[in-house]
């Protein structure tokens, strides 16, 4: 390999690593680390700490997207890691919550089928997006998907707050019980609805590409 080719290769490598470790991607990496720590605090029953970590991690999701758009630093690595980090936070939190018996004891509270719906929807949309974009079509996020994320980011901390405030075996205040039920069912409803929206959008794109 000539000296010129070696220099060109080294320059491409430096540009790749510089773009891979830009601020938005660093924030995404931080979100993954916070998600792992947060799940550990749930397992250790430190629910107040888990709420704080969840809110901070969710805040970095908004920040990395803001900086990526503002500074035009959208990268392939970021497009992969960002939704992956979101899924670790949301799906991981609900899976860990499902493992807590106190959650299952709440009337009309968190149930296994709800978590299956949440995780299944994320896997389905990820598969659809990957397939559609491989065909060269745009499969951007829908408003229903963004609203779904907001409601899930409300429901999860509400569940953690419930666990922090209500000792096991004790009766919860009526307002807190209704808040938990309302936030959970709203999140599940939007999860199903947004999944259907993405399925319809994918079907339209596939028909139009034929």
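The values are calculated or read from the model by the stated rules, or taken from the named source; none is laboratory data. Given the structure is predicted, the values throughout are model-derived calculations rather than measurements. When we count neighbours, we look across all protein chains shown, and the Cβ atoms used for this are built from the backbone with ideal geometry, even at glycine.
Filter the stretch 155-170 for residues that are under 17 Å from residue 108 (Cβ atoms) and without any contact (Cβ under 8 Å) to a residue 40 or more places away in the chain and give the result.
155, 158
Would you check which residues across the stretch 174-210 are within 15 Å of residue 115 (Cα to Cα) and without any contact (Cβ under 8 Å) to a residue 24 or more places away in the chain and list them?
Hit for the stretch 174-210 is 189, nothing else.
Filter the stretch 137-147 down to the residues that are in contact (Cβ under 8 Å) with a residue 24 or more places away in the chain and not in a helix (DSSP H, G or I), then identify the one that is surrounded by the most Cβ atoms within 10 Å (Cβ to Cβ).
139
Which of the following residues is under 15 Å from the mean Cα position of the chain (by Cα) and touching a residue at least 60 places away in the same chain (Cβ under 8 Å): 150, 117, 106, 88?
117
Looking for something under 15 Å from residue 109 (Cβ atoms), at pLDDT 95 or above, surrounded by 14 or more Cβ atoms within 10 Å (Cβ to Cβ) and within 16 Å of the chain's Cα centre (by Cα) - is there at least one such residue anywhere in the stretch 188-195?
Yes; the residues of the stretch 188-195 include at least one that is under 15 Å from residue 109 (Cβ atoms), at pLDDT 95 or above, surrounded by 14 or more Cβ atoms within 10 Å (Cβ to Cβ) and within 16 Å of the chain's Cα centre (by Cα).
When you check residue 126 against the structure, is it over 20 Å from residue 81 (Cβ atoms) and in contact with a helix residue (DSSP H, G or I) (Cβ under 9 Å, 6 or more places away or on another chain), yes or no?
In short, no.
Would the stretch 153-163 turn up any residue that is part of a helix (DSSP H, G or I), modelled with pLDDT of 95 or more, touching a helix residue (DSSP H, G or I) at 6+ places or on another chain (Cβ under 9 Å) and closer than 13 Å to residue 189 by Cα?
yes
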